[in-house]
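The values are calculated or read from the model by the stated rules, or taken from the named source; none is laboratory data. None of the values given here were measured: they were computed from a predicted structure. Positions of Cβ are generated from backbone atoms using ideal geometry, with glycine treated the same way; all protein chains shown enter the neighbour counts. All accessible areas refer to the heavy atoms of the entire protein, side chains included, with ligands and DNA or RNA removed. Shrake-Rupley method; radii C 1.70, N 1.55, O 1.52, S 1.80 Å.
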Amino acid sequence: MPHPYANHPHIGIANSFAELNRTEFKENVNALCWHRPLSGDFHEIVDKLTLHENITVVTPAELMALALSAAGQTAREIILQDIQALTDIGAAPVLNLLKSYERDEDFRFITTDVYSFHVDRSPVPTDTYLCTYYGAASELIANDQAIQKVLIPEVRTQLQALHDGPDHTFDHFLQEHYFDLHYQALPHATPINCGVGNLWRLAVDHPTQKVLPCIHRAPIENEGELRLLVIC
């Protein structure tokens, strides 16, 4: 059976966590996917967890305390194995039960919340790992199908007015407020759904990165449905 992301040149394919972790980003490849259909009942876990406000961080201890069916236990074991594998490579995975993220309502001409296509930035070499176990899944977009929002003339003009400072400090202003991390999909763009159960590794913008950072966004949640995901 063909891999669902085989026709996307910027996505690399891994067949295990070890391969996902050790494969180097190169040329156009700035996203790696371990595609895996998962067994177990993740809905049962979501149903038995308690949501506090819009986002709740779920600890392994809280996960272990749930009384689950055999299918729920299978799902829990997969999550715990992922958390342990990510921890073992020095990452800091966080399991989130999520109703919605905070929306950016400060500026009408540029959106900078996680529902906007964006890249991650780090001052040190690192990557972003994520997996949606239940609910709507994240989306990616190829770099050549998007434009940095700060390069859109009408947006740039309004940002320059907002900056209201010396020209030589404008780029610093954009970085300071994270405006330069956000992208607008081009008219012909085709966003790529990350799928439920797949574990992804995405390239991050940092000084030693050899490839472009991966553009991604959080999905609009399904009505009345929570999301369960691990991210680091």
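When shorter helices are ignored and each DSSP H run of at least 4 residues is given -39500 (n - 2.57), the per-residue value for the chain at 222 nm works out to -6500 deg cm²/dmol. Solvent-accessible area of the chain (1.4 angstrom probe, protein heavy atoms only): carbon and sulfur portion equals 51 percent.
A 1.4 Å probe run over the stretch 33-92, with the rest of the protein chains in place, finds 55 Å² accessible per residue. Multiplying the residue separation of GLU62 and SER122 by 0.36 nm and subtracting their alpha-carbon distance yields 18.6 nm. Ranked by the mean number of other Cβ atoms within 10 Å per residue, highest first, peptides 134-144, 162-172 order as 134-144, 162-172. Evaluated at q = 0.14, 0.16, 0.17 Å⁻¹, the base-10 log of the normalised Debye intensity for the stretch 109-232, with identical point scatterers placed on the Cα atoms, takes the values -0.67, -0.85, -0.94.
Which of the three applies to the stretch 42-140, rounded, prolate or oblate, going by the alpha-carbon gyration tensor with a ≥ b ≥ c and a/c under 1.5 meaning rounded? Oblate. The GNM of the chain, with springs linking C-alpha atoms under 10 angstrom apart, assigns the highest mean-square fluctuation among ILE147, ILE45, ILE79 to ILE147.
Heavy-atom accessible surface of ARG103, to the nearest 10 Å², is about 120 Å², with a 1.4 Å probe and all protein chains retained. Counting only protein heavy atoms and a 1.4 Å probe, the stretch 152-205 has 55 square angstrom of accessible area per residue. When the Cα atoms of the stretch 154-196 are aligned to their principal axes, the ranges along those axes come out at 45, 22, 13 Å in descending order.
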